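The values are calculated or read from the model by the stated rules, or taken from the named source; none is laboratory data. Since the model is a prediction, treat every value here as computed from it, not as a measurement. Because the Cβ atoms are built from the backbone with ideal geometry, glycine has one as well, and the counts that use them run over all protein chains shown.
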Amino acid sequence: MLKQLLASVALLACASAASAEVKVGLITTLSGGGAGLGIDTRDGFMLAVEEAGRDDLEVVVEDDQQKPDVAVQIADRMIQSDKVDLLTGIVWSNLAMAVVPSATAQGLFYLSTNAAPAQLAGKGCNPNYFSVSYQNDNLHEAAGAYATSADFKKTFILAPNYPAGKDSLNGFKRFFKGELAGEIYTKLGQTDYAAEIAQIRASGADSVFFFLPGGMGISFLKQYADSGVDLPLVGPAFSFDQNILQAVGDAALGVKNTSQWNKDLENEANAHFVEAYLAKYDRLPSLYSAQGYDTALLMLSAMDKADITDKDAFRAALEEADFASVRGDFEFSASHHPIQDIYVREVIKEGDILTNKIVGTAIEDRGHAYEDECKM
């Protein structure tokens with residue numbers, strides 16, 4: 001009888017530990033030119049939370065306004081006053097670099113829904129930092145691989161001057177075997193690209209690779225279409241995201257871009273996600289939506305296995321990545337970044353809606369270039 005009683009107490013203790021309340025701080029961009037990216041991130045994350053229906057989870061959402069100082073102030077308040085256990089949601093790499101090292105140094109877990117700069121993948125890796133999205137270079141590496149396979153010989157490349165922009169061009173060059181017709185870093189948030197398009201026109205390029213997320217990409221694509229420069233464009237998914245495509249219009253049709261996710265990936269989790277997201281928000285999900293959803297699923301899977309106050313146990317549960325990802329198979333490398341396939345997509349039209357379809361695989365089972373630099 002005593003043994004049975006002790007066993008019952010042990011089971012209750014385990015159940016209590018696994019269901020200890022978790023408080024999450026979701027910091028993302030909900031206003032300004034990058035708002036669409038943050039809104040999709042939030043909505044994907046919260047859809048998974050809502051579907052889980054847990055009463056042991058609280059999510060506090062704040063708008064970083066795409067400003068590093070604002071993001072730092074919010075993170076400090078969430079850590080010191082709100083007593084969050086975990087942070088997530090940041091879209092932009094310069095904001096991530098301002099927030100993540102301090103948060104993880106204070107013992108918090110940070111699960112990245114998007115931003116994954118090289119500095120946090122290599123020497124700056126941390127046991128409490130997990131990128132659920134990719135490493136920043138990945139989609140651009142795949143674009144370089146695609147440009148090579150498409151037999152482009154002389155590509156003009158451009159990106160904004162911030163950590164993710166530098167990662168993007170480094171990634172593209174790592175896998176592109178041709179010659180560069182030109183290389184430009186533009187101002188973050190720039191909306192007028194007349195000078196850059198003039199340089200492209202005069203460069204002798206046979207193709208253009210660009211990384212300009214959010215409103216920057218909308219402005220560039222519209223101006224490029226109006227310029228009469230008729231060179232093939234290649235880019236990562238960020239510049240051909242579901243919401244950006246509707247703003248750009250038919251100028252994006254036929255353009256190839258690279259992504260680790262698309263709505264037509266054939267697996268049960270993805271089919272459910274796309275249907276549920278469309279039903280709840282009355283719009284198709286984007287890459288940011290999918291990454292937010294997967295991040296929440298990862299967190300929920302760890303909550304099922306460990307109390308977040310037991311850092312080692314919770315970290316081990318995150319490392320297992322025991323959830324049904326919308327990408328299909330999902331696993332972390334030793335540095336806590338995904339190992340995954342990167343696909344080539346083409347912009348198409350389904351009825352009146354511009355969207356993407358997968359037309360090939362650019363790179364299989366890609367980790368990242370900085371893995372050996374991570375010592376943890």
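A few remarks follow.
- Top-ranked residue of segment 196-226 - restricted to ones that are modelled with pLDDT under 95 and among the small types (Gly, Ala, Ser), ranked as surrounded by the fewest Cβ atoms within 10 Å (Cβ to Cβ): ALA225
- Where a residue in segment 97-110 is assigned to a loop (DSSP other than H, G, I, E, B) and its partner, wherever it lies, is among the acidic types (Asp, Glu), with Cβ under 9 Å and at least six apart: LEU108/ASP85
- Residue-level check: of (1) more than 23 Å from ALA150 (Cα to Cα); (2) basic (Lys, Arg); (3) in a strand (DSSP E or B), LYS349 misses just (1).
- Top-ranked residue in segment 120-148 [being without any contact (Cβ under 8 Å) to a residue 40 or more places away in the chain and in a helix (DSSP H, G or I); ranked as farthest from ARG315 (Cα to Cα)]: THR148
- Yes/no for HIS337 being touching a strand residue (DSSP E or B) at 6+ places or on another chain (Cβ under 6 Å) and either at pLDDT 95 or above or among the basic types (Lys, Arg) (or both): yes
Residues checked against (1) under 23 Å from ASP43 (Cα atoms); (2) hydrophobic (A, V, I, L, M, F, W, C):
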{"residue": "GLN242", "(1), (2)": "yes, no"}
{"residue": "ASP264", "(1), (2)": "yes, no"}
{"residue": "ALA279", "(1), (2)": "yes, yes"}
{"residue": "ASP294", "(1), (2)": "yes, no"}
{"residue": "ILE308", "(1), (2)": "no, yes"}
{"residue": "SER335", "(1), (2)": "no, no"}
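- Residue within segment 135-147 that is in contact with a helix residue (DSSP H, G or I) (Cβ under 8 Å, 6 or more places away or on another chain), acidic (Asp, Glu), modelled with pLDDT of 95 or more and surrounded by fewer than 17 Cβ atoms within 10 Å (Cβ to Cβ) present: no
- Looking at GLY165, GLY182, GLY217, GLY235, just one residue is without any contact (Cβ under 8 Å) to a residue 60 or more places away in the chain, in contact with a Phe, Trp or Tyr (Cβ under 8 Å, 6 or more places away or on another chain), within 19 Å of ARG345 (Cβ to Cβ) and not hydrophobic (A, V, I, L, M, F, W, C), and that residue is GLY217.
- Flag for THR88 being under 27 Å from LEU245 (Cβ atoms), touching an Asp or Glu at 6+ places or on another chain (Cβ under 7 Å), surrounded by 21 or more Cβ atoms within 10 Å (Cβ to Cβ) and at pLDDT 95 or above: no
- Residue that is nearest to GLY122 (Cα to Cα), among those in segment 324-365 that are crowded, with 22+ Cβ neighbours inside 10 Å and of a type in the set (S, T, N, Q): SER335
- Leading residue by the ranking (nearest to SER149 (Cα to Cα)) among those in segment 252-272 that are of a type in the set (A, V, I, L, M, F, W, C) and surrounded by fewer than 17 Cβ atoms within 10 Å (Cβ to Cβ): LEU253
- Qualifying residue in segment 23-37 (condition: over 23 Å from PHE238 (Cα atoms) and without any contact (Cβ under 8 Å) to a residue 40 or more places away in the chain): no
- The single condition from (1) over 30 Å from VAL229 (Cα atoms); (2) crowded, with 24+ Cβ neighbours inside 10 Å that THR155 fails is (1).
- Residues of segment 343-376 classified as of a type in the set (Ser, Thr, Tyr) and closer than 21 Å to GLN246 by Cα, total: 1
- Cβ separations smaller than 7 Å between residues 6+ apart or across chains give the following pairs from segment 298-313 residues that are surrounded by 16 or more Cβ atoms within 10 Å (Cβ to Cβ) to residues that are β-branched (Val, Ile, Thr): LEU298/VAL132; MET303/VAL22; ILE308/VAL22.
- Selection of segment 40-69 for residues being outside any loop (DSSP other than H, G, I, E, B) and out of contact with any strand residue (DSSP E or B) (no Cβ under 8 Å at 6 or more places or on another chain) yields ASP40, ASP43, GLY44, LEU47, ALA48, GLU50, GLU51, ALA52, PRO68, ASP69.
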